[in-house]
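What follows is a single structure, written as structure tokens, with notes after it.
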Amino acid sequence: MSSAFHQNIVIIGPAHPLRGGLASYDERLAKEFQQQGNEVSIYTFSLQYPSFLFPGTTQFSSEPPPANLNIEVCINSVNPLNWIKTGNRLKKERPDLIIVRYWLPFMGPCLGTILRKVKKNRHTRIVCIADNIIPHEKRFGDKAFTKYFVKPIDAFITMSEKVLSDLRLFAKDKPAKYVVHPLYDNFGEKVSKEDAREKLAIGNGQKILLFFGFIRRYKGLDILLDAIKLLKDKNYQPPITNFQLLIAGEFYEDRKTYDEQITQLGIKDDLILHTDFIPDSEVKYYLCASDLVVQPYRNATQSGVTPLAYHFEVPMIVTNVGGLPNLVPDNKVGLVAEPNASSIAQKIIEYFEKGEGHFLPYLIEEKKKFSWTKMTESILELAQSV
């Protein structure tokens with residue numbers, strides 16, 4: 001298999017009408033393969049999660065479908081008869097390459113069964129893009145489901161070295177490659193800070209810190225709230241004034257705990273809360289309105305927020321966990337903190353002392369590494385090698 005020849009490629013994973021970062025990624029990847037002359041379809045879910053596994057308000061996008069993409073809405077994650085039907089359909093269609101996303105062990109039985117059927121055609125090669133192998137929030141059956149999933153896979157792409165290491169617990173000898181998460185460049189072009197703040201009704205006279213993305217415990221929003229309290233303390237040295245924290249993203253767990261923390265800390269007036277799901281068409285305004293993106297994660301593999309910040313050229317503070325520091329070179333693209341309130345507060349102060357001008361040249365240069373062409377070439381090379 002060579003990238004010089006046009007191929008019939010199927011991507012299995014979330015896509016419109018489903019919403020979220022995985023769907024955006026799969027659609028952007030499909031467009032990249034299409035631009036290279038390949039025939040591409042996305043097989044997505046008619047039922048992705050049963051309601052008890054989905055903590056948000058809705059799984060579906062309010063945005064129009066992406067233009068010029070063939071999206072088949074056909075996979076039911078909990079119906080074994082559907083898995084067999086879909087697997088037999090793909091076996092018969094004989095795509096040259098299937099690229100399958102794996103981000104949650106719950107999907108292991110469904111995807112593993114489909115791919116076992118496909119393998120019987122002795123033609124299709126299967127490459128997995130593994131977002132996570134060991135999930136952030138563990139559940140019964142995780143190891144068994146992942147072990148079942150990996151068996152029919154020919155090769156793997158991971159977007160962090162941590163996931164690559166985790167993968168070796170389940171697939172020691174299969175080809176695998178670490179490739180950085182490409183830029184999310186499908187959310188529109190950069191707009192001016194003034195226009196973005198006008199859109200969001202945010203004043204121009206203050207510094208804006210951004211916490212972006214759905215809210216779960218492992219992402220450490222509570223740690224960042226404690227850091228905001230430290231920064232607002234008049235006795236904290238050196239002081240930082242005239243700033244607010246913009247929290248943009250949907251709660252994927254009980255909001256009450258955070259509301260109680262905010263009240264207890266007395267920082268409500270220091271926050272701007274936009275805690276509904278952020279549609280794709282509005283993402284650019286949140287990034288462009290901000291001076292600094294803060295990712296205060298307790299643990300992580302990689303983060304889709306990082307390539308967003310790169311695309312819109314916003315410096316970052318990340319915590320020293322998982323693959324985050326590898327993607328944000330310290331004191332260049334941003335700053336690396338320890339996952340505690342004191343360290344994050346100090347790094348916020350350090351950022352504003354150095355100023356955006358220190359970080360922006362490094363960020364603009366570093367973002368050149370995050371290309372979709374590098375991702376597609378890596379996938380095709382792996383497929384060719386098996």
In the set I208, I215, the lone residue that is closer than 19 Å to I278 by Cα, modelled with pLDDT under 95 and either crowded, with 21+ Cβ neighbours inside 10 Å or touching a Leu at 6+ places or on another chain (Cβ under 8 Å) (or both) is I215
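Please go through the stretch 136-158 and give me each residue that is part of a loop (DSSP other than H, G, I, E, B), among the hydrophobic types (A, V, I, L, M, F, W, C) and under 29 Å from K120 (Cα atoms), ordered by number.
The initial filter retains those residues of the stretch 136-158 that are part of a loop (DSSP other than H, G, I, E, B), namely 136-141, 151-154.
If we keep only those that are among the hydrophobic types (A, V, I, L, M, F, W, C) too, we end up with 140, 153.
If the condition is that a residue be part of a loop (DSSP other than H, G, I, E, B), among the hydrophobic types (A, V, I, L, M, F, W, C) and under 29 Å from K120 (Cα atoms), then I153 is the only one that fits.
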Is it true that D222 is within 20 Å of G322 (Cβ to Cβ) and in a helix (DSSP H, G or I)?
-> yes
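In the list V321, V314, which residue meets the criterion of being surrounded by 16 or more Cβ atoms within 10 Å (Cβ to Cβ), outside any helix (DSSP H, G or I), aliphatic (A, V, I, L, M) and modelled with pLDDT under 95?
So the residue among V321, V314 that is surrounded by 16 or more Cβ atoms within 10 Å (Cβ to Cβ), outside any helix (DSSP H, G or I), aliphatic (A, V, I, L, M) and modelled with pLDDT under 95 is V321.
Just checking, does the stretch 289-303 include any residue being in a helix (DSSP H, G or I), crowded, with 23+ Cβ neighbours inside 10 Å and of a type outside the set (F, W, Y)?
The initial filter retains those residues of the stretch 289-303 that are in a helix (DSSP H, G or I), namely none.
Looking for residues that are in a helix (DSSP H, G or I), crowded, with 23+ Cβ neighbours inside 10 Å and of a type outside the set (F, W, Y), one finds none in the stretch 289-303, hence no.
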Could you please find all residues in the stretch 158-173 being surrounded by fewer than 23 Cβ atoms within 10 Å (Cβ to Cβ), in contact (Cβ under 8 Å) with a residue 60 or more places away in the chain and not acidic (D, E)?
-> K162
The stretch 314-345, residues that are aliphatic (A, V, I, L, M), under 18 Å from P361 (Cα atoms) and in contact (Cβ under 8 Å) with a residue 24 or more places away in the chain = V314, M316, I317, L327, V333
Identify the residue in the stretch 349-375 that is part of a helix (DSSP H, G or I) and hydroxyl-bearing (S, T, Y) and, among all such residues, is surrounded by the most Cβ atoms within 10 Å (Cβ to Cβ).
-> Y351
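Can you name every residue in the stretch 14-44 that is on the phi > 0 side of the Ramachandran plot and crowded, with 17+ Cβ neighbours inside 10 Å? Let's see the steps before the verdict.
Initially, the stretch 14-44 is screened for residues on the phi > 0 side of the Ramachandran plot, giving 20, 37.
Result: G20, single match.
The values are calculated or read from the model by the stated rules, or taken from the named source; none is laboratory data. It should be emphasised that the depicted structure is a prediction, and the values quoted were computed from it without experimental measurement. Backbone-built Cβ (ideal geometry, glycine too); neighbour counts: all protein chains shown.
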